[in-house]
1. Restricting to region 59-80, what's the tally of residues that are among the small types (Gly, Ala, Ser) and not in a loop (DSSP other than H, G, I, E, B)?
2. Scan region 244-261 and report the pairs whose first residue is more than 14 Å from GLY286 (Cα to Cα) and whose second residue is of a type in the set (S, T, N, Q) and within 13 Å of the ligand (Cβ to nearest atom), with Cβ atoms within less than 6 Å and a gap of 6+ or a chain change.
3. Kindly indicate whether THR195 is within 30 Å of ASP429 (Cβ to Cβ), open to solvent by 30 Å² or more (accessible area, probe 1.4 Å) and of a type in the set (Ser, Thr, Tyr).
4. Being more than 16 Å from the ligand (Cβ to nearest atom), at pLDDT below 95 and within 24 Å of ILE480 (Cα to Cα) narrows it down to one of ARG169, ARG158, so name that one.
5. Those residues that are open to solvent by 50 Å² or more (accessible area, probe 1.4 Å) and in contact with a His (Cβ under 7 Å, 6 or more places away or on another chain), I need them from region 198-213; list them, please.
6. For the structure I just gave you, tell me whether GLU45 is within 16 Å of the ligand (Cβ to nearest atom) and acidic (Asp, Glu).
7. Among the candidates VAL210, VAL194, VAL150, single out the residue that is hydrophobic (A, V, I, L, M, F, W, C) and without any contact (Cβ under 8 Å) to a residue 40 or more places away in the chain.
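The values are calculated or read from the model by the stated rules, or taken from the named source; none is laboratory data. Note that the structure is a prediction, hence the values are computed from the model and not measured. Glycine also receives a Cβ, built like all others from the backbone with ideal geometry; neighbour counts cover every protein chain displayed. All accessible areas refer to the heavy atoms of the entire protein, side chains included, with ligands and DNA or RNA removed. Shrake-Rupley method; radii C 1.70, N 1.55, O 1.52, S 1.80 Å.
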Amino acid sequence: MSMSSVLLKGGSVLIHDANNHVVETKTSILIENDRIAKIGPTLTEDENVQVIDCSDKIISPGFVDTHHHGWQTQLKGRHANEQLLEYMVTGNLQSFQFSPEDVFYGQLAGMMESITAGTTTIVDHAHITCSPDHAKLGIAATASSGIRSVFCYTPIMRVDGFNPLTFCRNPLDDWVMQTFHELADKGPFGAGRVTLGFAFDMFFLPPEVVKGIFAQVKQKGIQTITCHGSVSWGNVVQQLESLDLLDKHIIISHGGTITTAQAERIKAAGASISSTPSSELQMAMGRPYCFDSAFVDRGITGDAIGLQDNASLGVDCHAATGGSIITEARIGLQNARHVFGEHYLKQNKVPRTMPENLSVEAAFNLATVKGAEAVGMGQDIGRIAEGSKADLVIFDALSPSMVGAAQHDPVAAIILHSSPADIESVIIDGIFRKKDGQLLSVEVDPSAKEATGRQALDWMAVARKVVTSRERMQQEIEKIDFEEAKNTLLKLFHVDEERLVDVKQKQ
Ligand SMILES: [Zn+2]
């Protein structure tokens with residue numbers, strides 16, 4: 001038996017059956033290297049096996065986050081009362097403030113926040129590509145964290161300066177796709193956990209240019225390509241279809257602009273959406289389409305578009321909301337229940353029961369099996385099975401939040417009662433990244449040892465770096481004329497200003 005064997009002994013293991021129903025099973029899990037070797041009640045204990053007593057623990061598949069901008073840690077807190085247009089200048093375009101080293105610590109802290117909240121796989125829409133080194137240190141930080149990631153390399157509109165806001169003339173300078181090729185040839189990273197994906201939002205470029213970029217991406221065998229669907233000044237499905245690019249490799253984040261007819265074509269193409277309830281609800285991006293309201297089957301579609309089977313969940317900006325995918329599942333679920341209930345209340349009716357697709361199990365599945373399907377890894381992650389990757393989250397069933405609920409319905413306990421504090425351990429690729437409630441130190445990826453001068457980092461060292469890096473950036477950010485920047489952005493995106501609403505507060 002290999003030296004890296006771990007026995008999780010006697011837990012409440014959440015196992016998906018063939019119909020994706022979650023069956024709570026009192027059993028043990030033997031992990032060998034990066035995979036689940038055996039599941040059974042009486043697995044023998046070898047002296048080389050590390051045994052973890054899991055009685056009074058829930059063992060869940062690791063959670064999958066299919067839309068996240070991992071670099072934004074230094075911007076946390078500033079978007080609390082902002083709309084999308086405001087966030088674009090105070091958040092998105094502030095990638096300008098980040099040095100490659102800032103990216104490393106922002107990204108590492110973001111990934112560690114995700115891990116402590118139970119995320120084991122992430123699709124990173126990494127729009128931090130201000131230079132080759134920005135992308136490379138973003139990947140190095142992701143690899144260092146231990147998370148599993150599809151790091152989606154993103155060509156961006158690079159800011160040249162503020163006051164006034166100006167952009168670099170050519171967003172596709174030679175190095176942009178050259179760096180993509182270099183990284184595609186070099187990957188995967190982090191012992192195979194971090195693979196290269198691609199993210200793209202610049203559909204304003206000439207069609208033949210966009211097609212040329214996608215041809216290069218496909219030629220490198222990239223499996224996941226993600227595009228924002230939130231932008232109210234463009235319809236991403238239309239744009240992808242007009243270029244014949246909508247296929248099973250595409251994840252569209254947010255559903256806001258998607259029509260019912262387009263939803264059918266997304267399903268036919270095998271593409272998927274990633275819904276990020278917190279940011280979508282806050283920033284007028286349309287309601288989260290990860291849940292269909294059940295009144296669809298009564299011949300009334302309401303505003304549901306029928307994409308729940310092709311949906312998964314994302315955090316989007318951990319600068320604007322917490323990094324927990326379980327929280328997103330909860331907010332998305334309760335919002336969908338509200339949409340459902342409201343539909344009947346408006347007719348002076350009251351629903352008798354809760355539809356199955358608005359159950360806690362449905363929410364749990366969006367955060368596990370559906371996320372795994374979205375990244376084409378349904379065979380390896382998202383469920384607990386012999387032969388699967390050992391990506392597991394262990395909850396304390398006796399914590400103040402969980403006790404009672406955990407014994408009655410562990411899925412309800414996770415979706416409606418838990419917080420990251422109830423997560424005792426997180427195992428990714430067979431390696432503990434959180435244990436006894438604490439994030440473990442990370443070994444710095446070899447490619448970042450020179451830039452950081454560090455071999456290993458514990459959480460406090462990462463946090464201190466975030467604090468000093470944030471302070472320095474804040475001094476620069478305070479000098480920016482954001483009104484000017486917003487107006488420039490509106491003109492650049494040809495936004496019809498008639499559509500913008502000024503909300504005056506009553507005194
Ligand atoms: Zn986003």
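1. 1
2. ILE251/THR66; ILE251/THR226; ILE251/SER274
3. Yes: the conditions hold for THR195.
4. ARG169
5. ASP201, the sole residue that qualifies.
6. No; evaluated as a whole, the condition is false for this residue.
7. Result: VAL210 is the single residue among VAL210, VAL194, VAL150 that is hydrophobic (A, V, I, L, M, F, W, C) and without any contact (Cβ under 8 Å) to a residue 40 or more places away in the chain.
For (1) at pLDDT 95 or above; (2) touching a His at 6+ places or on another chain (Cβ under 8 Å); (3) buried (at least 22 other Cβ atoms within 10 Å of the Cβ), each residue gets a yes or a no:
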site: ASN33; (1), (2), (3): yes, no, no
site: SER60; (1), (2), (3): yes, no, yes
site: THR66; (1), (2), (3): yes, no, yes
site: HIS69; (1), (2), (3): yes, yes, yes
site: VAL89; (1), (2), (3): yes, no, yes
